[in-house]
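Student: Could you have a look at this structure, given as structure tokens, before my questions?
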Amino acid sequence: MRVAAAQAKSHGPRTEQIILFRVSGQVFAVSSASVQEVRSIDSLSGAATEINQPTLRKVRHVLRRGDKALYVVSAAAHFGLPASSASLVFVLRKTRTALLVDGMDKMATMSRLQALPLAYCQEERGWYRGLTALDQNVIPVVNPEGFLTTEEFALLDASLPPLEDPEEPASGSSELPQ
């Protein structure tokens with residue numbers, strides 16, 4: 001009886017919960033399982049430290065959590081979209097990245113992920129897992145590990161100031177951009 005139930009489940013469409021979010025008027029999707037937490041910019045403003053890496057303008061801030069550095073990537077800058085007024089930060093799982101977005105639209109269920117068309121032929125192939133259709137709209141589904149490359153992480157890590165002594169007062173904090 002259990003085998004028959006398991007087989008019936010495996011033949012149905014595999015679904016995945018996704019979060020639809022906006023960046024500069026464009027809608028994107030990310031797997032809800034890849035988002036550890038969603039925070040307002042205001043709740044992180046005191047914890048973010050400004051960093052200056054001229055060759056990597058999409059990252060302006062870092063969040064320190066213990067000895068771990070989370071780099072805050074501007075989704076607008078990453079996707080080459082006009083600057084926007086970001087209000088949320090998605091802290092992503094299994095990566096040292098937090099994503100600055102304008103807002104969250106809704107949660108949805110994705111039942112089909114289409115492969116990327118061949119028109120996606122440069123670095124953007126790593127940015128996306130594929131495309132999905134929801135409410136008669138085609139929406140790109142982002143790859144949470146596609147916002148920073150190994151080389152970019154190394155560059156950012158090298159530009160970080162050393163961790164401060166916990167006995168010394170904190171300095172260098174700044175607010176995230178609006």
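Student: I'd like the residue in the range 132-178 that is hydroxyl-bearing (S, T, Y) and part of a loop (DSSP other than H, G, I, E, B) and, out of all such residues, is modelled with the highest pLDDT.
Tutor: Let us first name the residues in the range 132-178 that are hydroxyl-bearing (S, T, Y), namely 132, 149-150, 159, 171, 173-174.
From the residues that got through so far, the ones that are part of a loop (DSSP other than H, G, I, E, B) too are 149, 171, 174.
Details: T149: 95, S171: 46, S174: 46.
Here the residue is T149.
Student: Which members of the range 115-144 meet the condition of being in contact (Cβ under 8 Å) with a residue 12 or more places away in the chain, over 13 Å from H78 (Cα atoms) and surrounded by 12 or more Cβ atoms within 10 Å (Cβ to Cβ)?
Tutor: Listed by number, the residues that qualify are L116, R129, G130, L131, T132, A133, L134, I139, P140, V141.
Student: If we keep just the residues of the range 25-54 that are within 24 Å of R129 (Cα to Cα) and aliphatic (A, V, I, L, M), which is surrounded by the most Cβ atoms within 10 Å (Cβ to Cβ)?
Tutor: A29
Student: Next question. With the checklist (1) modelled with pLDDT of 95 or more; (2) out of contact with any strand residue (DSSP E or B) (no Cβ under 9 Å at 6 or more places or on another chain) in hand, flag the one item D42 doesn't pass.
Tutor: With (1) modelled with pLDDT of 95 or more; (2) out of contact with any strand residue (DSSP E or B) (no Cβ under 9 Å at 6 or more places or on another chain) applied to D42, the lone miss is (1).
Student: Right, something else. Which residue is surrounded by the fewest Cβ atoms within 10 Å (Cβ to Cβ), if the candidates are limited to the range 94-113 and must be within 30 Å of E152 (Cα to Cα) and basic (K, R)? Steps first, answer last, please.
Tutor: Of the residues in the range 94-113, the ones within 30 Å of E152 (Cα to Cα) are 94-105, 113.
From what is left, the residues that are basic (K, R) are 94, 96.
Values: K94: 10, R96: 18.
Selected residue: K94.
Student: Okay, next question. Residues of the range 88-127 being of a type in the set (S, T, Y) and either touching a Pro at 6+ places or on another chain (Cβ under 8 Å) or modelled with pLDDT of 95 or more (or both), which ones? Even if it seems obvious, please write down each step before you answer.
Tutor: Going through the range 88-127, the residues of a type in the set (S, T, Y) turn out to be 95, 97, 109, 111, 120.
Once the filter is applied, which keeps residues that are of a type in the set (S, T, Y) and either touching a Pro at 6+ places or on another chain (Cβ under 8 Å) or modelled with pLDDT of 95 or more (or both), the range 88-127 yields T95, T97, T109, S111.
The values are calculated or read from the model by the stated rules, or taken from the named source; none is laboratory data. Keep in mind that what you see is a predicted model, and the values were worked out from it rather than measured. As a convention, Cβ positions derive from the backbone with ideal geometry for all residues, glycine included, and neighbour counts pool all protein chains shown.
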